[in-house]
Amino acid sequence: MKKLFNLFFYLTTITLIVTSCSKTDSSSKRSGALNSSAAEKVYVAPGEHDEFYAFISGGFSGQLSVYGLPSGRLFKVIPVFSQDAEKAWGYNEETKPMLNTSYGFIPWDDSHHPDISQTAGEIDGRYVFINANNTPRIAKIDLTTFETTEIIEIPNSAGNHSSSFVTENSEYVVAGTRFSVPVPQKDISIKEYKGNFKGALSFISIAPEDGAMNLEFQILMPGFNYDLSHPGRGKSHGWFFFTTYNTEEANTLLEVNASQNDKDFIAAINWKKAEEYIKAGKFKTMPANYAHNVYDEHTHTATSTMKKEVKILDPAECPGLVYLLPTPKSPHGCDVDPSGEYIVGNGKLSANLTVHSFTKMLSAIENNKIDGEAYGIPILKFEDVLAGVVEQPGLGPLHTEFDGKGNAYTTFFISSEVVKWKLETWEVIDRKPTYYSVGHLMIPGGNSAKPFGKYVLAMNKITKDRYLPTGPEVTQSAQLYDITGEKMELLLDFPTIGEPHYAAGCPADLIKSKSKKIYKLEENKHKYAAKSDEDTKVVREGNEVHIYMTMIRSHFSPDNIEGIKVGDKVYFHVTNLEQDYDVPHGVSMIGANTSELLIMPGQTETFVWHPKQVGVWPFYCTDFCSALHQEMQGYVRVSPK
Ligand code: CUK
Ligand code: CUA
């Protein structure tokens, strides 16, 4: 115990030293080794396009931001788990159902890990998935429209952290619970945690044609914490690896009580085996309430369905489904190299970096070299699965990515650096400081069999003195390094939205050519669409009034509306008749309990207005659409009840 406190004291002191040194350092240290060649490497001339897309998680903003690399320019914030006034996401009637959950309408979350869909081990640029950590959900963003088109809630989960990672043919996107909880939930003393709380790992299938998600099954694991995960690939395709911590199953003061064991585990899940067990009917069906929300591109409308049950596999009753690989000291990231052979367990509190061998794991299993069990799950011997150790590479390893040329790059939070090391020789090749305290890092395609090892992007937790001050809260940041040479070179700093946990990157060409330019008006199947000025009307149904409205440069139709009464519930269903690229219009109304609508050409959106006062109330277009934008307006007359 004393030793452990010493370790913490040591680590904390180092953190303080690192961050305070950084603060008082000279500007040469602060800028790294920037020179004009670095500037040239990130310079994308006006009108030119970036070489890569980077999808960076928005952390506690709940969104996903889209940047260009190498320039670091921000293109778009895609609304996912939080309401977004700019795009009316979660405000208009069409998208509200996307934020529905079994707990009701939850218009906020904390998003950590985006991952791009893959075909045959290579990223294919079709979809990007991202997790909601707080109210467990997985979202799918369609990369032809850059819109969130599906959100599935994850039952029996809490702190959906080891998510959302995709298998090499996008068979599954996987979600793992951070917290173990009673499954099903019940009123039980927290002191009875050990043995009673469980961790659910969820496998959500992705339909090959249209990407539709379905929660196929959950594996009910012991009451550890499940931190991160990665799919196997190549030779290890069919397996999924999850880091665990708190294998002590502590329910209080985890900073001490969950750091007792010398080794925690990487849980290796054979999901192909899981499919066999499901097929053979070896599952339990458990009641579970969870929302499944789908946005339809043709009706431009989301529907939310409440699901009622889930299939559960118990590893104790399914031999060969799960094995535990001992891994030192609270492993955080769990990263698999492009060949699928090496599984890196980044032990947060470990001095060394542990790398497991998939081949050795298989042979240990084959030879039945089992070294104990936990709740019926076989534990393999550390030495039997160990591929190698990177000795003392830094302090506080968190995450590793690969360049596809036999090198790995690991972030060290406490010593605030990225360390490049070599697979198979396990030697450290280079290290570069980050400013400061890096979390994840990303190489485009670094999560696949074919990384594009040109840049690594480090995502930092602390920026302190890196930018102009903006009050007590400073921005978060990312840093770009050139990794084409033997030594890394720091090229660029740029601020990010929310907290950038992880990112996914891919060559721009993969997405650019498929990007949708327009919604065709004739394909608009929205229930309240008005496709020409002749379709516009005002329909009263009791207290409810539906206005079928159109907009085109530069007028609304109808633009003078009478017959509305105080106490009515007025629906504005507004269709943008434009069929030119990039001519959105916006609209809102005084006192409407919604943001403005932002309506793309060919699309229909709806907001609701509750008029409370008699009078004549103007509305106007909120998106500058032509020289006559300021003429685009109308009035609603509100009469007494
Ligand atoms: S992470 Cu979520 S706590 Cu290392 Cu992926 Cu930052
Ligand atoms: Cu339409 Cu401004």
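The values are calculated or read from the model by the stated rules, or taken from the named source; none is laboratory data. All values derive from a computational prediction rather than experimental measurement. Cβ sites come from the backbone with ideal geometry, for glycine too, and all protein chains shown count toward neighbours.
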Open item on the list: Here is a check on your reading of the model: is W426 closer than 30 Å to Q476 by Cα and of a type in the set (F, W, Y)?
Closed with: no
Task: Test for P397: is it crowded, with 23+ Cβ neighbours inside 10 Å and not polar (S, T, N, Q) - done: yes
TODO: Exactly one condition in (1) within 16 Å of ligand 1 (Cβ to nearest atom); (2) more than 21 Å from P378 (Cβ to Cβ); (3) in contact with a helix residue (DSSP H, G or I) (Cβ under 9 Å, 6 or more places away or on another chain) is not met by L254; state its number.
DONE: (3)
Open item on the list: Against the definition (away from ligand 1 (no atom under 16 Å from the Cβ), surrounded by fewer than 23 Cβ atoms within 10 Å (Cβ to Cβ) and modelled with pLDDT of 95 or more), how does N169 come out, yes or no?
Closed with: yes
- [ ] Answer yes or no: is there a residue in the stretch 413-423 that is touching a residue at least 24 places away in the same chain (Cβ under 8 Å), within 31 Å of the chain's Cα centre (by Cα) and part of a helix (DSSP H, G or I).
- [x] no
Task: Output for the stretch 593-641, where each listed residue is under 24 Å from K531 (Cβ atoms) and of a type in the set (G, A, S) - done: G602, S626, G634
Open item on the list: crowded, with 18+ Cβ neighbours inside 10 Å, over 15 Å from I204 (Cβ atoms) and under 16 Å from the mean Cα position of the chain (by Cα): is that true of G125 in this structure?
Closed with: yes
TODO: Working carefully through the options K308, K348, find the one that is over 22 Å from K381 (Cβ atoms), without any contact (Cβ under 8 Å) to a residue 24 or more places away in the chain, assigned by TED's automatic domain parsing to the domain that holds F265 and out of contact with any helix residue (DSSP H, G or I) (no Cβ under 6 Å at 6 or more places or on another chain).
DONE: K308
Open item on the list: Every residue in the stretch 331-347 that is out of contact with any Asp or Glu (no Cβ under 9 Å at 6 or more places or on another chain) and either assigned to a strand (DSSP E or B) or within 15 Å of ligand 1 (Cβ to nearest atom) (or both), please.
Closed with: V336
Open item on the list: I'd like to verify a number: residues in the stretch 595-641 that are of a type in the set (S, T, Y) and in contact with a helix residue (DSSP H, G or I) (Cβ under 9 Å, 6 or more places away or on another chain), how many?
Closed with: 2
Task: S102, sole failed condition from (1) of a type in the set (G, A, S); (2) at negative phi; (3) buried (at least 19 other Cβ atoms within 10 Å of the Cβ); (4) over 13 Å from the mean Cα position of the chain (by Cα) - done: (3)
- [ ] For the stretch 566-626, please list each of the strands (runs of 3 or more DSSP E) lying entirely inside it that holds at least 2 residues being outside the structural domain of H298 (by TED's automatic domain parsing) and within 12 Å of ligand 2 (Cβ to nearest atom).
- [x] 569-576, 585-589, 597-599, 615-620
- [ ] Out of G445, G439, G404, report the one residue that is at pLDDT 95 or above, surrounded by fewer than 22 Cβ atoms within 10 Å (Cβ to Cβ), in contact with a Phe, Trp or Tyr (Cβ under 8 Å, 6 or more places away or on another chain) and under 24 Å from Y67 (Cα atoms).
- [x] G404
Task: M551 vs. criteria surrounded by 14 or more Cβ atoms within 10 Å (Cβ to Cβ), more than 11 Å from ligand 2 (Cβ to nearest atom) and within 39 Å of the chain's Cα centre (by Cα) - done: no
